[in-house]
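The values are calculated or read from the model by the stated rules, or taken from the named source; none is laboratory data. Keep in mind that this is a model prediction, so the values were computed, not measured. Quick reminder, even Gly has a Cβ in these numbers, built from the backbone with ideal geometry, and neighbours come from all protein chains shown.
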Amino acid sequence: MNRRPLGFTVVELLIVIIVLSLVASLAIPPILRGRRTSKIEQCARHLQALWAAQEEYRKAHKNPPKEIGAAFWLALSKPSAPLLAPDAEAFFCPLAGGSHRPGSTSYRGPATDAARLGRNDMLGADFPDNHGPGQGGHILSVDGVVRPFLGKDPAWIAALTLTSP
């Protein structure tokens, strides 16, 4: 009587490792894509929150903030108009990386006085590399609509000249 020893053979162990590696290689990319998609959607929500805060500022002061560029958004956290905390998540694109320092933002603001902008003009946008080099980003119009654009899209290229850092 020839008894088989208990345990796994090397071949069985290698087969299990290969199968698990194959399953992991098929499962991980969709999970990572899902995380990126979630962060892109969160970025759009942050711009929407900034728009809502500037609308509250506009109602309270009869005009939008006078600052241009990123300072436009940061004006919403000044003591004279504390609509957002200086370190509010809304000031930062979740894809931008880097540190989230109070008094900074990863969004561009208007290049001119926002009171002179028309309804469909650009009020803000991502910084060019927030979503990765050449990936584009979101554009926020004065009417509160947030639209995603690819890096080579003419509207995205225009947003980089019609908004200010």
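Values for this structure:
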| item | result |
| --- | --- |
| Condition broken by ALA115, with the remaining ones in (1) part of a loop (DSSP other than H, G, I, E, B); (2) surrounded by fewer than 19 Cβ atoms within 10 Å (Cβ to Cβ) satisfied | (1) |
| Qualifying residues in region 1-44 (those that are more than 30 Å from GLY124 (Cα to Cα) and polar (S, T, N, Q)) - the one modelled with the highest pLDDT | SER21 |
| Where a residue in region 13-27 is surrounded by 10 or more Cβ atoms within 10 Å (Cβ to Cβ) and its partner, wherever it lies, is not aliphatic (A, V, I, L, M), with Cβ under 8 Å and at least six apart | VAL16/PHE8 |
| Residues of region 88-129 classified as of a type in the set (Lys, Arg) and over 19 Å from LEU160 (Cα atoms), total | 1 |
| Residue within region 57-77 that is under 21 Å from ARG116 (Cα atoms) and in contact with a Cys (Cβ under 9 Å, 6 or more places away or on another chain) present | no |
| Residues of region 140-164 satisfying the condition of being over 18 Å from GLY69 (Cα atoms) and surrounded by 18 or more Cβ atoms within 10 Å (Cβ to Cβ) | PHE149 |
| Checklist (1) crowded, with 18+ Cβ neighbours inside 10 Å; (2) part of a loop (DSSP other than H, G, I, E, B); (3) not acidic (Asp, Glu) applied to GLY97, failing item | (1) |
| One residue from LEU20, LEU32, LEU6 being more than 21 Å from ASN130 (Cα to Cα) and assigned to a helix (DSSP H, G or I) | LEU20 |
| The lone exception for PRO133 - which of (1) part of a loop (DSSP other than H, G, I, E, B); (2) surrounded by 14 or more Cβ atoms within 10 Å (Cβ to Cβ); (3) at negative phi it fails | (2) |
| Criterion violated by GLY124 - all others in (1) in contact (Cβ under 8 Å) with a residue 40 or more places away in the chain; (2) assigned to a helix (DSSP H, G or I) satisfied | (2) |
| Residues satisfying the stated conditions in region 45-77, i.e. of a type outside the set (Val, Ile, Thr), surrounded by 15 or more Cβ atoms within 10 Å (Cβ to Cβ) and part of a loop (DSSP other than H, G, I, E, B) | PRO64, PRO65, GLU67, GLY69 |
| Qualifying position, being of a type in the set (Lys, Arg) and closer than 30 Å to ARG116 by Cα, among ARG45, ARG3, ARG33 | ARG45 |
| Condition check for ALA85: modelled with pLDDT of 90 or more, surrounded by 11 or more Cβ atoms within 10 Å (Cβ to Cβ) and out of contact with any Leu (no Cβ under 9 Å at 6 or more places or on another chain) | no |
